[in-house]
Amino acid sequence: MIENNEHDMRQDLQDSPLFGHLQKSSQRYSDVLTDEEKELIDLELEEMFTPEELQKFKQKLEWLYKRYREVTMPTYIGKYNEFTLENNNYLDPKFYRKSPEFSPEDRKNLENNAFDFFQTELNNIKLAISYAKEDGQWQRIVEICQNLQRFLTIRTYWEDLEDILKEAIYAAKNSGERLTEAYLINQFAELQRLLGKAKEGLDECEESLHIFQELKDEYGEAKALYTLGFLNRSIGNWKESAEALENSVKLFRKIQESQNLDINVEEYIAEALDALGLVYPNLGELESAKQVLQESLELKEKLNNRFALSKTTNILGKVYIELYNSQKKIEFLQEAQKLIKSSLEIKEELNDLQGQGTCFNELGKIQRLMGNYEQAHDYYLKSLNFKKKVSSTGGGRSDRHGEGLTYMEIGFLYQEQGKKEEAQNTFRKALDYLNVYSPQYEEVSKILRDNH
């Protein structure tokens, strides 16, 4: 991506008869040689070259290193900072709202090019971060890491994102930017949930919440409450989750109404409403769940964010499944199927493997409830196929808990078909995949204990 202006200098170095020898000897030095071994290498060099040649080459190396420090490295860091910022904008729906001159086709091309850039240049971007760290450019590290987050999140490269956030937090601490550090810690806490470590994420989230409250940053406080709600939802703390999410929405709306900050909080409000749509059914509040999700859909349609819209549509489909379970009206399942298929179409367009796996799991559940067991089984197998692909594509992507949820559903399917042994075996398999702190893990464990 970056044209190397130091090509000639590198070529001079590589053409030197000392280059190959010094490559080997430098590797040997890195292995922590004894003083005696170092002396032997120095003697070997002195036998091969005259003092004048050694001095000349030393000067060339010093000049190259100086040029590297003064020109090459800063240029590399700066260029990748620019490239990541530009391509991150192309993945941000807000960019297109501010730039109406782009047609839908233009937007699609820009998004695809941005995905290609990040995928192709990921290792070079990481190298730019390491250069910035070597040079103590802490603000640059934070900027590049923040520019990279959206891509890693959409692609669900969780372990890569974890490494990037650690680098950013370290840089923020070194630069003394406490507020930036708090935001990054909050993002790291949210990532722990996605990595199946929600309990561990609670401490980080509480830390960021205290910093925001201490610094009287209401926007940060709202985000920390938002994350706290998601973390508690993951471990089945339904009341605590609902309380944190409701307070988050209230605070975001206060910020929105005050207009004191030039911040668009509608996306966070919509996502918090989505989470409440998942929490309320566990508190027996299905109508409330339906209401907040309808509100979220309206916001996301206004924001023109297809990825986010597909998530809300999927969650609303789940609520209609629960409405069927409570009222046994077939029209609820029909509406759920319509919503999930609508979500699936967007997931397929965006090549969201994890999202497709989730949709097929819900479609299998709908068919199971309709009594179409063969179709349900086919959907479950498709779900597993996509979820396994997530873990096989690299970058730290994993959906083991999602696989566990589908195995759990297959267990229910076998139960309803009277296949007790197959059901028990599948439930046991589900336990190998489900997060041990999740409510589903406890549910499956109870089933196995009761049928022992």
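Here, each number is a calculation from the coordinates, and none is a lab measurement. Since the structure is predicted, the reported quantities are computational estimates derived from the model, not experimental observations. When we count neighbours, we look across all protein chains shown, and the Cβ atoms used for this are built from the backbone with ideal geometry, even at glycine.
Decide, for segment 401-449, between rounded, prolate and oblate: order the square roots of the alpha carbon gyration tensor eigenvalues as a ≥ b ≥ c, take rounded if a/c falls under 1.5, and otherwise choose prolate if a/b is larger than b/c, else oblate.
Working: a/c = 2.20, a/b = 1.66, b/c = 1.32.
Since a/c reaches 1.5 and a/b is larger than b/c, the shape of segment 401-449 is classed as prolate.
Between Glu348 and Asn123, what FRET efficiency follows from the Cβ-Cβ distance if R0 is 35 Å, with the result rounded to 0.05? Mind dumping the intermediate values first?
On the way: r = 29 Å, r/R0 = 0.82.
It comes to 0.75.
Can you give me the C-alpha center-to-center distance between segment 199-276 and segment 135-188, rounded to a whole angstrom?
First find each Cα centre; the distance between them is then 19 Å.
If packing is taken as the mean number of other Cβ atoms within 10 Å per residue, what is the order of 278-289, 361-372, highest first? Kindly include the intermediate steps, with their values, before the conclusion.
Values: 278-289: 18.3, 361-372: 20.6.
Answer by packing, highest mean first, reads 361-372, 278-289.
Using 0.36 nm times the number of residues separating Tyr170 and Asn282, minus their current alpha carbon distance, what extension gain do you get?
Details: separation 112, 0.36 × 112 = 40.32 nm, distance 3.84 nm.
The Tyr170-Asn282 span can extend by a further 36.5 nm.
Using a simple spin-label model with points 7 Å from Cα along the Cα→Cβ vector, what separation in nm is obtained for Lys419 and Asn112?
If labels sit at Lys419 and Asn112, their model points lie 4.1 nm apart.
Which of rounded, prolate, oblate describes the chain, given a ≥ b ≥ c as roots of the alpha-carbon gyration tensor eigenvalues and a/c under 1.5 marking rounded, otherwise prolate only if a/b is larger than b/c?
On the way: a/c = 2.32, a/b = 1.84, b/c = 1.26.
Prolate, because a/c is 1.5 or more and a/b exceeds b/c.
FRET efficiency for Glu39 and Ser130, Cβ-Cβ distance as r, R0 = 35 Å, nearest 0.05?
Numbers: r = 33 Å, r/R0 = 0.93.
Rounded to the nearest 0.05, the efficiency is 0.60.
Just going by the charge dipole of the chain, with Lys and Arg at +1 and Asp and Glu at -1 on Cβ, which of Ala198, Leu278, Gly136 is farthest out on the positive end?
Highest projection toward the positive end goes to Leu278.
Label His452 and Glu243 with points 7 Å out from Cα along Cα→Cβ: what is the distance between them in nm?
A separation of 3.4 nm, rounded to one decimal place.
Label Asn304 and Glu257 with points 7 Å out from Cα along Cα→Cβ: what is the distance between them in nm?
2.9 nm
Could you work out the relative contact order of segment 304-355? I mean the mean sequence separation of Cα pairs under 8 Å and 6+ apart, divided by the number of residues, in percent.
Working: 42 pairs, mean separation 22.5, N = 52.
Normalised by residue count, the contact order of segment 304-355 is 43 percent.
Over segment 171-276, what is the mean sequence separation of C-alpha contacts under 8 Å (at least six apart), divided by residue count, expressed as relative contact order in percent? Intermediate values should be presented prior to the final figure.
Working: 138 pairs, mean separation 21.9, N = 106.
RCO, segment 171-276: 21 percent.
Would you work out which of Asn88, Leu43, Pro100 lies farthest towards the positive end of the dipole of the chain? Charges go on Cβ: Lys and Arg +1, Asp and Glu -1.
Pro100
Please turn the phi angles of segment 414-421 into ³J(HN,Hα) values with the Karplus equation 6.51 cos²θ - 1.76 cosθ + 1.60 (θ = phi - 60°), one per residue in order, whole Hz, x for glycine and proline.
Each residue's phi maps through the Karplus curve to give 5, 4, 5, 8, x, 8, 4, 5 Hz.
Against the longest alpha carbon principal axis of the chain, how many degrees, from 0 to 90 and to the nearest 10, is the axis of helix 439-450 turned?
It is inclined by approximately 60 degrees.
Normalised by the residues of the chain, what does the relative contact order come to in percent, with Cα pairs under 8 Å and at least six apart? Don't jump to the answer; show the numbers that get you there.
Values: 529 pairs, mean separation 36.9, N = 452.
Relative contact order here is 8 percent.
Specify the angular offset, from 0 to 90 degrees and rounded to the nearest 10, of the alpha carbon long axis of helix 138-154 from the longest principal axis of the alpha carbons in the chain.
40 degrees
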